[in-house]
Amino acid sequence: MVRMTVQKKILYEEIKHFTSFFNASELHTQAIKNDKKIGLATTYRFLNTLEKEGEIHSFSCNDKKIYSNKKTNHAHFTCEKCGKLKHLTLKNVDFLSEVMEGEICHFQIELNGICASCKVQSPKI
């Protein structure tokens with residue numbers, strides 16, 4: 001367990017307020033409202049420690065690292081034509097247990113293709 005300093009307690013409490021994915025900068029912005037001395041480097045170190053201990057999970061989104069305080073998944077679709085990124089909510093992932101032994105904690109799926117808007121504009125794709 002992490003030795004809890006006042007700054008780490010503030011960071012930890014702020015993480016609990018996120019209901020969705022967040023990045024280090026967003027956490028830092030919220031934390032400095034309580035203590036302006038909390039540095040961005042401290043925020044990154046704290047997130048790395050929590051991730052190593054399995055208390056939070058990280059995912060890659062749009063070439064950036066994001067975090068979740070819930071055991072969840074991260075899935076998104078990126079249009080190869082316009083670059084638009086859409087986050088997806090997957091409610092049923094039973095198909096994963098058919099190809100994997102053991103227990104899945106969290107996962108990330110990246111889908112690429114042509115979005116509906118681009119498909120309408122160029123139906124021959």
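What follows is calculated from the coordinates using simple rules that are stated; it is not laboratory data. Source: prediction; values computed, not measured. Neighbour counts run over all protein chains shown; Cβ positions are idealised from the backbone, glycine included.
A few notes on this one:
- Fewest-first ranking of 74, 106, using other Cβ atoms within 10 Å as the exposure measure: 106, 74
- Normalised contact order of region 63-125, rounded percent, pairs of Cα under 8 Å and 6 or more residues apart: 40 percent
- Restraint check, 33/86; 65/119; 65/86, Cα-Cα greater than 22 Å: 33/86; 65/119
- The chain, relative contact order in percent, only Cα pairs under 8 angstrom and at least six apart counted: 20 percent
- Lysines with Cα under 20 Å of residue 36, excluding same-chain neighbours fewer than 8 positions away: 8, 9, 16
- When you restrict to C-alpha pairs under 8 Å that are six or more residues apart and normalise by the size of region 6-68, the relative contact order lands at 34 percent.
- Residues whose amide H lies under 5 Å from that of residue 106, counting only those 5 or more places away or on a different chain, are absent; hydrogens are built 1.01 Å from N in the peptide plane.
- In region 1-80, trypsin sites (Lys or Arg not before Pro) in a DSSP loop with at most 11 other beta-carbon atoms within 10 Å: 3, 33, 36, 37, 71
- Qualifying aspartates and glutamates (Cα of each under 13 Å from Cα of residue 37; at least 8 residues distant if same chain): none
- Under the simplified labelling scheme, the residue 40-residue 92 pair shows an inter-label distance of 4.4 nm, with each label point 7 Å from Cα along Cα→Cβ.
- Packing, as the average of other Cβ atoms within 10 Å across residues, places the peptides 75-84, 89-98 in the order 75-84, 89-98, highest first.
- Listed values [x] 176; [y] 135; [z] 95 include one computed from this model; for volume of the Cα convex hull per residue in Å³ that value carries the label [y].
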